[in-house]
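The structure appears below as structure tokens.
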Amino acid sequence: MIAWKGFSTNKNLWRRRWFYPLISLVVALSVSLSAPLPGRAIDLLPLLFQGAQIFQLSNISDRQEVELGKQMNQELSSEVRLYRNPEINRYVEQVGRRLAANSDRPNLPYTFQVVEDPSLNAFATAGGFVYVNTGLLKAADNEAELASVLAHEIGHVGGKHLVKQMRQRALASGVATAAGLDRNTAVGIGVELALNRPRSRQDEFDADKRGLRTLARSGYAQSGMVSFMQKLLGQGSTPTFLSTHPATSDRITALKRAIDSQPSKGSYGLDNAVYKANIRALL
């Protein structure tokens, strides 16, 4: 006769030996994936789902947005030529960091990069990646004007404008599924939108408002945003930076009204000579 009682006992013991550690592993993994991790910690999601990562753009987390921005940055490296002068990059990074710390989303790990291109342009992608052309750096008269451009782009990041536009484009083109948007498709759409800059009127006004607020918090002269726009509009042809920005004259009027209604004591960044010294490698 088979000793069923002994077998059952051993069987239950065997189950406990494997079952409880398995439960512990599942719980630990769940906590690891759901709990916020330090900025330098390993992100387990891309490791687990590499090659099949899905972005649900309607409720994308900050971590996923930064991951998306990193992947877009890799793609952009083949589309634009980054300027490698360490002095200029360090200066732009310094200005950008000052603004980012006073932005609507200060906890993002912002990245500021200079694009070697003579056209007057700047743009931002997802997760805090901001780009500014060497041509725009040369066109600015002082740091307040440069800061106004960076603050405007940071404003786009603060409003998640690109992410929202990516979702709209994906839905309109029928490439999004009920689960969301796969990584490669999301990156492709994001890069195309970032480079072509088809921003809506509402997004531009919102980025201006956020940017102006960031300038004030950072101690910069808010007049830098107005003077830079006015100077560019006074040129013979519309610069790249403004060519796809609708209603620029209306935006200038709105900025002046906002400054008059909530004046700031900030006056930093208006010294033209100091600015020229900081970008002397470009001049």
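So if R0 is 45 Å, what FRET efficiency would Asp141 and Asp182 give, r being the distance between their Cβ atoms, rounded to the nearest 0.05? Please list the in-between numbers first.
Working: r = 45 Å, r/R0 = 0.99.
Computed FRET efficiency for Asp141 and Asp182: 0.50.
Counting pairwise Cα distances across segment 112-200, what percent come out greater than 22 angstrom?
Distances greater than 22 Å cover 32 percent of the Cα pairs.
Can you compute the label reach from Asp104? Point 7 Å from Cα along the Cβ direction, backbone N cut-off under 16 Å, restricted to segment 144-165.
The answer is 150-165.
Work out the charge dipole of segment 127-211 with +1 on the Cβ of Lys and Arg and -1 on the Cβ of Asp and Glu about the Cα centre, then indicate which of Gly211, Gly135, Gly159 is farthest towards its positive end.
The residue sitting most towards the positive pole is Gly159.
Quick check on packing: order 139-145, 227-233 by the mean number of other C-beta atoms within 10 Å, highest mean leading.
139-145, 227-233
Using a 1.4 Å probe and ignoring any ligands, DNA or RNA, find the accessible area of Arg210 and quote it in Å² to the nearest 10.
Around 50 Å² of this residue is reachable by solvent.
Given a Förster distance of 35 angstrom, what is the FRET efficiency for Leu283 paired with Asn196, based on the Cβ-Cβ distance and rounded to 0.05? Walk me through the intermediate numbers first.
Details: r = 30 Å, r/R0 = 0.85.
The computed FRET efficiency comes out at 0.70.
Which value, in debye to the nearest 20, gives the size of the charge dipole of segment 68-153 about its Cα centre, when Lys and Arg are +1 and Asp and Glu are -1 at the Cβ?
260
Would you mind calculating the gained length between Arg81 and Asp260 on full extension (0.36 nm times residue separation, minus the Cα-Cα distance), in nm to one decimal?
60.5 nm
According to a simple spin-label model (label point 7 Å from Cα along Cα-to-Cβ), what is the distance in nm between Thr253 and Val175?
3.8
DSSP beta bridges in segment 75-218, what fraction antiparallel, as a percent rounded to 5?
45
So between Glu116 and Arg90, what do we pick up on full extension, going 0.36 nm a residue minus the alpha carbon distance?
Net length gain for the segment: 7.9 nm.
The values are calculated or read from the model by the stated rules, or taken from the named source; none is laboratory data. The model shown is predicted, which means the values in this text are computed figures rather than measured ones. Because the Cβ atoms are built from the backbone with ideal geometry, glycine has one as well, and the counts that use them run over all protein chains shown. Quick note on the areas: whole protein, heavy atoms, side chains included, nothing else; ligands and nucleic acids left out. Shrake-Rupley method; radii C 1.70, N 1.55, O 1.52, S 1.80 Å.
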